[in-house]
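Visitor: What follows is a structure written as structure tokens; I'll ask about it next.
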Number of protein chains: 2
Amino acid sequence: MPILNVELGVRSYPIHIGNGLLGRPELIAPHVAGHQVMVVTNETVAPLYLDAVLHSLRDFECHQVVLPDGEQYKTLEVLNTIFDALMGARCERTTTIVALGGGVVGDMAGFAAACYQRGVPFIQIPTTLLAQVDSSVGGKTGVNHPLGKNMIGAFHQPCAVIADTDTLSTLEDRQLSAGAAEVVKYGLIRDLDFCDWLDEHLEALLNRDAQALAHAIERSCRNKAEIVAADERESGVRALLNLGHTFGHAIETGIGYGAWLHGEAVGVGMLMAADLSMRMGWLTAADVQRVENLVDKAQLPTRSPAQMDYERFVDLMSVDKKAQRGKIRLVLLQAIGAAVLSDDYDPALMRETIDAHRAIPMVS
Amino acid sequence: MPILNVELGVRSYPIHIGNGLLGRPELIAPHVAGHQVMVVTNETVAPLYLDAVLHSLRDFECHQVVLPDGEQYKTLEVLNTIFDALMGARCERTTTIVALGGGVVGDMAGFAAACYQRGVPFIQIPTTLLAQVDSSVGGKTGVNHPLGKNMIGAFHQPCAVIADTDTLSTLEDRQLSAGAAEVVKYGLIRDLDFCDWLDEHLEALLNRDAQALAHAIERSCRNKAEIVAADERESGVRALLNLGHTFGHAIETGIGYGAWLHGEAVGVGMLMAADLSMRMGWLTAADVQRVENLVDKAQLPTRSPAQMDYERFVDLMSVDKKAQRGKIRLVLLQAIGAAVLSDDYDPALMRETIDAHRAIPMVS
């Protein structure tokens with residue numbers, strides 16, 4: 001079983017990757033700080049995996065809070081139900097919060113852990129591919145604001161991440177594809193060898209080939225761990241992890257949270273970033289075709305929603321966290337495997353990219 | 001004009017204390033990170049001091065949000081109106097939040113700064129004695145939960161604190177007394193000389209003698225700065241700043257936020273801590289009388305609300321952030337000027353203390 005380490009000095013932590021991990025108390029228990037645990041999960045995941053996790057935590061006083069499932073519930077209001085549960089169970093400063101679920105559960109449980117009594121420990125047990133390869137690693141936590149994704153949050157590192165690949169067996173195909181978007185991202189921004197591997201093995205991964213999944217998760221987490229170790233608070237290189245995310249967040253906010261999965265919006269967002277990079281003379285048409293093939297093979301959208309025209313995109317993207325003085329900064333590709341953060345692009349080219357990737361509006 | 005420094009490495013910051021400071025842009029402007037400022041204030045303070053602050057910030061793009069006034073508005077819901085204002089004004093990661101007001105404004109603006117885009121800079125401009133001597137220094141931010149004070153929050157240090165003593169001229173007497181509670185606290189926990197000074201000068205301070213106020217604010221901030229520098233995240237000595245606060249928070253929560261001012265609850269809370277310390281054999285009756293004289297001279301309550309009986313106190317105190325395994329930990333006094341954190345007290349003595357200080361219930 002691979003164990004990776006996120007190297008952050010006193011905040012370093014292990015990422016365990018493998019099958020059958022939920023049933024191994026020795027992986028979880030050493031990271032529980034006090035005698036109380038609050039498991040935060042959602043209505044989809046609870047019936048599947050909550051019992052197993054509670055069994056592994058049987059030596060502790062366990063409480064649980066079950067959230068509704070979906071990005072549209074990643075709000076301050078739903079966050080408050082976690083605080084209600086923590087207060088109701090008289091949880092203390094040493095209570096450990098366990099996030100059992102996908103990216104939304106992890107982001108919210110992590111943010112609750114960052115804020116409850118000004119910070120309690122937490123453990124990530126991601127149950128979706130997206131959470132296993134991306135959102136559960138690196139300490140970004142938070143909720144959405146109606147006008148912008150992830151606008152309210154904190155950096156709060158987990159004490160451990162336990163990625164049990166068995167949990168992917170119950171994942172919907174659509175969720176698996178959404179996770180594949182973040183896997184492809186690592187290849188595109190900094191790992192050309194991984195891109196080559198994905199050209200060959202992405203279909204096997206989508207067919208849930210155990211070896212392909214295990215390799216992709218480990219390789220993704222290794223990339224993420226290296227970046228986070230180099231730039232915990234995103235003052236530099238960490239921003240490159242946002243390839244496709246500025247376009248993607250605009251789509252998610254613009255059409256309403258939960259309509260598209262995060263990974264779906266990132267999928268077409270990466271293609272748009274590649275397309276703009278080509279228009280700037282950095283990528284070749286063949287490079288962009290390669291990105292489109294990966295996105296398409298992952299069964300992710302290659303067109304943005306019809307209602308998202310240029311003005312709507314720009315309006316939403318200008319509130320992105322990377323924006324400076326209203327100027328949108330984008331992660332672009334100087335080559336496949338070599339991303340760069342830039343605000344030095346021609347808005348006319350951006351308009352071409354957005355127009356070229358917009359689904360044809362239906363005539364009613 | 002005294003300038004103290006809170007020594008926290010890269011997070012160090014100055015505390016400016018004096019009169020006429022609001023009108024001096026050179027104190028504020030250097031701490032504004034970007035080109036945008038969001039001033040957070042309340043409906044009482046805005047008509048008095050907002051114009052002066054905006055004038056000192058005239059070189060920046062300024063926005064403002066005016067909160068309702070009172071502890072009962074220190075909630076997640078009202079916090080969200082700050083986020084709405086920040087998003088509505090398209091504030092960015094470099095936007096500086098300025099807290100202009102008392103403890104509630106400072107705690108909420110600071111918490112908004114901790115969370116907005118996972119952290120933006122902020123400046124504290126405290127306009128109450130309580131905020132100038134205590135809550136605006138040290139980086140504790142947050143909101144209340146219906147079941148417990150300050151249960152949701154973050155440590156987020158300001159870039160600067162500007163305590164303009166002129167703002168105290170418009171402060172209600174009741175608010176001045178509430179601030180005096182925190183001033184007395186510093187003497188009791190660690191500064192016997194200051195206690196001696198307070199025995200002599202507390203009345204002058206309450207009469208708004210400018211010299212007495214300036215001395216008390218500087219001495220209080222110096223004590224606070226030393227403690228925060230030694231223990232930023234309250235893993236040790238910082239907890240001693242909570243003298244009277246465990247009893248006090250229970251009162252505030254128990255009778256409803258805003259019914260008593262924070263400083264009023266802390267006033268009787270300190271007296272109760274002194275009384276329990278005497279019952280444990282640490283203080284003499286004369287010591288307790290000295291504490292009661294100070295609390296009384298500050299025109300603070302020396303009796304807790306009639307509805308707060310032993311069971312209610314203990315129920316509410318057991319959710320205090322210092323509690324461990326349900327055991328209430330209290331700041332007690334081994335001598336005047338020498339506080340200690342302890343859970344080693346006899347519950348029967350605690351009951352005696354609570355009973356002895358409870359206002360007589362009215363017979364209806």
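Where a number appears in this text, it was derived from the coordinates with a stated rule and is not lab data. Bear in mind that the values here come from a model prediction, so they are computed numbers and not experimental data. Cβ placement follows ideal geometry from the backbone for every residue including glycine, while neighbour counts extend to all protein chains displayed.
Visitor: Put a point 7 Å out from Cα along the line to Cβ at A:I3; what are the distances to that point in the other copies, in nm, shortest first?
Guide: So the distances to the same position in the other copies read 5.0 nm.
Visitor: Hey, got the dipole for region B:173-356? About the Cα centre, +1 on K and R Cβ, -1 on D and E Cβ, debye to the nearest 20?
Guide: Dipole magnitude for region B:173-356 comes out near 460 debye.
Visitor: One decimal, nm, shortest first: give the distances between the label point of B:A338 and those of the same position in the other copies, each label point 7 Å from Cα along Cα→Cβ.
Guide: Relative to the other copies, B:A338 has label-point distances of 6.9 nm.
Visitor: Assigning unit charges at the beta carbon (Lys, Arg +1; Asp, Glu -1) and nothing else, what dipole magnitude in debye, to the nearest 20, does the protein assembly as shown show about its Cα centre?
Guide: 340 debye
Visitor: Going by a ≥ b ≥ c, the root eigenvalues of the Cα gyration tensor, does chain B fall in the rounded group (a/c under 1.5), the prolate group (a/b larger than b/c) or the oblate group?
Guide: Taking the square roots of the gyration eigenvalues as a ≥ b ≥ c, chain B is prolate.
Visitor: For chain B, with a Gaussian network of springs between Cα atoms less than 10 Å apart, report the residue from B:G248, B:G138, B:G337 with the top mean-square fluctuation.
Guide: Maximum among the listed residues: B:G337.
Visitor: A further question on this structure: At 222 nm, what value in deg cm²/dmol follows for chain A if DSSP H runs of at least 4 each add -39500 (n - 2.57) and the sum is divided by all its residues, to the nearest 500?
Guide: -13000 deg cm²/dmol
Visitor: Enumerate by residue number the trypsin sites (Lys or Arg not before Pro) in region B:260-364 meeting two conditions: DSSP loop (anything except H, G, I, E, B), and at most 14 other Cβ atoms within 10 Å of the site's Cβ.
Guide: Loop-located and lightly packed - B:R303, B:R325.
Visitor: Now for a different question. Okay, which of region B:37-66 sit inside 16 Å, backbone N to the point 7 Å along the Cα-Cβ direction of A:R325?
Guide: B:37, B:59-62, by backbone N distance to the label point.
Visitor: Continuing with the same structure: So how far, in whole Å, is the C-alpha centre of region B:234-256 from the one of region B:54-75?
Guide: 27 Å
Visitor: For a quick check, take a GNM of chain A with Cα springs below 10 Å and name the residue from A:L300, A:L192, A:L21 with the largest mean-square fluctuation.
Guide: Most flexible of the set in this elastic network: A:L192.
Visitor: Turning to a different aspect of this structure: Gap in Å between the Cα centre of region B:324-364 and the Cα centre of region B:10-39?
Guide: After rounding, the separation between the Cα centres reads 40 Å.
Visitor: If a/c stays under 1.5 just call it rounded; otherwise compare a/b with b/c (prolate if a/b is bigger, oblate if not). Do that for region A:3-170, with a ≥ b ≥ c from the square roots of the Cα gyration tensor eigenvalues.
Guide: rounded
Visitor: Decide, for region A:183-308, between rounded, prolate and oblate: order the square roots of the alpha carbon gyration tensor eigenvalues as a ≥ b ≥ c, take rounded if a/c falls under 1.5, and otherwise choose prolate if a/b is larger than b/c, else oblate. Please report the intermediate quantities before stating the final value.
Guide: Details: a/c = 1.30, a/b = 1.16, b/c = 1.12.
Rounded shape, in that the Cα axes give a/c under 1.5.
Visitor: Next question. Can you check what the Kirkwood hydrodynamic radius comes to for the protein assembly as shown, Cα pairs only, in Å to one decimal?
Guide: With all distinct Cα pairs of the protein assembly as shown included, I get 27.1 Å.
Visitor: With label points built 7 Å along Cα→Cβ from the Cα atoms of B:A259 and B:T284, find their separation and express it in nm.
Guide: Between B:A259 and B:T284, the label points sit 3.8 nm apart.
Visitor: At R0 = 25 Å, how high is the FRET efficiency between B:D344 and B:A230 if r is their beta carbon distance? Nearest 0.05 is fine.
Guide: 0.60
Visitor: Provide the FRET efficiency to the nearest 0.05 for the B:Q211-B:Q334 pair, computing r from the beta carbons and using R0 = 30 Å.
Guide: 0.40
Visitor: Enter the angle in degrees (range 0 to 90, nearest 10) between the Cα long axis of helix A:245-255 and the first principal axis of the Cα atoms of chain A, meaning the one along which they spread out most.
Guide: Result, in degrees: 80.
Visitor: For a Förster distance of 60 Å, can you work out the FRET efficiency between the beta-carbons of B:A359 and B:R24, rounded to the nearest 0.05? Display every interim value, and only then the final one.
Guide: On the way: r = 46 Å, r/R0 = 0.76.
Here the calculated transfer efficiency is 0.85.
Visitor: Could you work out which residue, out of A:V98, A:V66, A:V137, moves most in a Gaussian network model of chain A, that is, has the largest mean-square fluctuation with Cα springs under 10 Å?
Guide: Among A:V98, A:V66, A:V137, the largest mean-square fluctuation in the Gaussian network model of chain A belongs to A:V66.
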